[in-house]
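Engineer: After the C-alpha cells below, expect a handful of questions from me.
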C-alpha cells in the first residue's frame with residue numbers, strides 16, 4: 001500500500017499516519033523527518049538542505065523531490081509507505097508522479113483528513129502548550145492554514161479526479177478515525 005496522507009496542520013496526519021503504518025506494516029515517511037535524518041547524518045542531500053534551512057528559507061522543490069525519491073527507493077519502502085507532508089504544491093505532484101513511474105510503484109490512495117478551522121486552531125493552541133512549540137503562535141498557525149488552503153488543498157481535486165481520494169472527518173476519537181480510514185481503504 002502506497003498512501004499519501006493530507007490535510008491542514010493540526011488535523012492529526014502524523015497521529016493517523018503512525019497508526020496506519022503499524023496497521024499495514026509499512027513505514028511512515030515524513031519529509032520533515034527525512035530532512036532531519038539527512039542533516040543529522042551529514043549526507044550530501046542533508047548538507048545541501050542545511051544551506052537553505054540555516055538561512056531561514058524553505059528547501060526548494062527540486063531538492064525536496066530528490067530527497068523524497070531517495071527515501072522511496074530504500075529497502076524498507078519496497079512493500080509500501082505512507083507519505084506525510086509531501087506533495088505540498090502542484091510541481092511536487094508532478095515530481096512525485098515521475099518518481100513513482102520510475103520506481104514502477106503507483107499510488108494506492110490519498111487520505112484527506114479534514115476539520116473545521118476553529119477545531120484546528122484549538123488543537124494547535126493545545127499542542128503549543130503541551131509541547132512548548134514556538135511555531136504554534138496564533139499568527140503562525142493562521143498563516144500555515146492559509147498557505148495550506150491556497151497551495152495544498154487544491155491538490156485534493158487532482159487526486160479526486162484520478163479516483164484516488166478518500167475523504168475522512170478528522171474530528172473525534174483517534175481510534176474511531178483510524179477505523180474509518182482503514183475501512184475506506186480496505187473497501188477500495
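Engineer: Let me have the 222 nm mean residue ellipticity of the chain computed from DSSP H runs of 4+ only, each contributing -39500 (n - 2.57), with the sum over all residues rounded to the nearest 500.
Structural biologist: -17000 deg cm²/dmol
Engineer: Hey, another quick one. Please give, to one decimal in nm, the separation of the simple spin-label points placed at residue 162 and residue 70, each 7 Å out from Cα toward the Cβ.
Structural biologist: 2.4 nm
Engineer: What nm value, rounded to one decimal, do you get for the distance between residue 149 and residue 54 when each label is placed 7 Å out toward the C-beta?
Structural biologist: Result for the modelled spin labels: 3.7 nm.
Read-outs: derived from the displayed coordinates by stated rules, not from any lab. What you are looking at is a predicted structure, and each value in this text was computed from that prediction instead of being measured. Cβ: placed from backbone, ideal geometry, glycine included. Neighbour counts: every protein chain shown.
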